[in-house]
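Engineer: Pasting a structure below so you can have a look.
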Amino acid sequence: MRGAVAPGEMVYPVAMTRAASGPCFFAGWLLAWSLTACTREAPQADARQAAPALALASETAFDLTVSQRGALLGWVEGSPGVLHVLRLDERGQRVAAPAATALQGSGVADLALVDTREGVGLIWRVPAEPAEVRGLWLDPAGAASALALGATWAAPGGARGNLALAARGESALALVRGPSEACREAPEAAGAAAEAACFGFRFHQLSARGAQPLGLGLHVPVPCDARAALLLSPPGSADQRYHYAVCTRAEGQTVLTAFSIEPARSYAAAQQVLHGCQPLGAGLFGGQPTFVAECGAARRLARFVDADAPFAVESADVRGLMCSGGSDSRARVRLGSGWLELGAPQAQLELLLDAELSPPGSRAVWTGEALLVARVAGGQLALDRHVCAGKELERQSVALR
């Protein structure tokens, strides 16, 4: 078992590791509610697996997401940067060498990546003044079209979550934080300067035709520095319901306002949720839009039920992944008081995993048969592949070059 328990079982959240030929051992007793269990290093398939990690343009200049048949990893190295996109199959293994595209300008932060039926969309912030949002659309043949999404907040590179991206049929939907603007009303946050405390948030539709502004926007007073924009959409048609949320600060506490949009009948509903908590991200888990946040020492998740019903809020303190064992070992992750069975590709799993398996700032996805975790340490990017081997989780490095 890795990072999960059934209801009523004792929880051992400390690291238990095993070398390929050594036994498991307990490193301590109950310290927290995140979990770990036996892990072993898989034999290295070839010399590529020992390749050095890659230096990023910034600690947020990468993203990992799912595709219909596996996953996609995107990252930018150097300045001026070189963008790399690596496709992986259902087993979490490389399909081909990563495609590389040289970028103009200096600085890349807050990279977001999405795969659609008609191509791959990527957007990022260029934080140097004048800060702006740029992007690329890669068609199925690999041809690249530049995307320009206008001015943005000149935030530091570590402030991830001021851009959000989701597939919408053959195109993608982007939510972008713009530059500061004068507040229409005095902000509630104590000491905030009215002329610099508010920001505009705007939507764009991305495709091979470029970035088209949708004429939809928000005027947001005192948004959070990180995870200010969250966006969720099923990958089907552009007529389906989608969800987004913005994080703001009022009277010294954070407030997450979640919106549910039904384009077919021009209906929108809004709710405030997870008051006083710091959002970590959002995911479609079991088909349900879910927002996850840190609430002091606790972690909670809020699951959308219906536009006219309050969110269902549960504890996410118990989290992690478990292998069922047997000849057909399957994986599942803890989701509130229940479990999420991992079958089809699943994104945003970093929200449901313990910090040992998915360190802070990492991205984790299920490809269909494997767990992939993209992580950064000391400015270096690495990709780990985990598969169930009986009741153990077997780890192997994936070469990025």
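The values are calculated or read from the model by the stated rules, or taken from the named source; none is laboratory data. Predicted model only: the values in this text are computed from it and were never measured. So basically every Cβ, Gly included, is an ideal-geometry build from the backbone, and we count neighbours across all protein chains shown. Ligands, DNA and RNA are stripped out before the accessible areas are found, and what is left, the full protein with its side chains, is counted by its heavy atoms. Shrake-Rupley method; radii C 1.70, N 1.55, O 1.52, S 1.80 Å.
Engineer: Shape verdict for the range 270-329, please, from the Cα gyration tensor: rounded (a/c under 1.5), prolate (a/b greater than b/c) or oblate.
Structural biologist: Cα axes put the range 270-329 in the oblate bin.
Engineer: Let me ask something additional. Taking θ as phi - 60°, what are the ³J(HN,Hα) couplings along the range 105-118 by the Karplus curve (6.51, -1.76, 1.60), each to the nearest whole Hz, with x for Gly and Pro?
Structural biologist: Going residue by residue, I get x, 10, x, 9, 9, 6, 5, 10, 9, 8, 10, 10, 5, 10 Hz, with x marking Gly and Pro.
Engineer: Turning to a different aspect of this structure: Using 7 Å Cα-to-Cβ label points, what is the A128/S315 separation (nm, one decimal)?
Structural biologist: Calculated label separation equals 4.9 nm.
Engineer: Over the range 315-367, what relative contact order in percent results from Cα pairs under 8 Å that are six or more residues apart?
Structural biologist: After rounding, I find 30 percent.
Engineer: Here is a further query. Just how much of F199 is accessible, in Å², when a 1.4 Å probe is used and the result is rounded to the nearest 10?
Structural biologist: In the full protein context, F199 sits at about 10 Å².
Engineer: Once you sort the root eigenvalues of the Cα gyration tensor of the range 228-332 as a ≥ b ≥ c, which label holds: rounded (a/c under 1.5), prolate (a/b larger than b/c) or oblate (the other case)?
Structural biologist: oblate
Engineer: With a ≥ b ≥ c taken as the square roots of the eigenvalues of the C-alpha gyration tensor of the range 244-294, please select rounded if a/c is under 1.5 and otherwise prolate if a/b is larger than b/c or oblate if it is not?
Structural biologist: Because a/c hits 1.5 or more and a/b fails to exceed b/c, the range 244-294 counts as oblate.
Engineer: Could you give the distance between the Cα centres of the range 251-309 and the range 346-382, to the whole Å?
Structural biologist: Between the Cα centres of the range 251-309 and the range 346-382 lies a distance of 22 Å.
Engineer: Can I ask one more? What is the sum of charges around V313, taking Lys and Arg as +1, Asp and Glu as -1, for the other residues whose C-beta is under 14 Å from the C-beta of V313?
Structural biologist: Here the count lands on 0.
Engineer: Shifting gears a bit: If you take every residue apart from A282 with its C-beta less than 11 Å away from the C-beta of A282, what net charge results, scoring Lys and Arg +1 and Asp and Glu -1?
Structural biologist: Value of the local net charge: +2.
Engineer: Could you tally the net charge around S207, taking each other residue with its Cβ under 14 Å from the Cβ of S207, Lys/Arg +1 and Asp/Glu -1?
Structural biologist: Around S207, the charge tally is -1.
Engineer: Could you tell me the calculated FRET efficiency between D139 and L214, based on Cβ-Cβ distance and R0 = 30 angstrom, to the nearest 0.05?
Structural biologist: In this case the efficiency is close to 0.85.
Engineer: If you don't mind, there's one more thing I want to ask. Taking θ as phi - 60°, what are the ³J(HN,Hα) couplings along the range 330-345 by the Karplus curve (6.51, -1.76, 1.60), each to the nearest whole Hz, with x for Gly and Pro?
Structural biologist: Karplus-based 3J(HN,Hα) across the range 330-345 equals 10, 10, 8, 10, 5, 9, x, 8, x, 9, 10, 6, 9, x, 5, x Hz.
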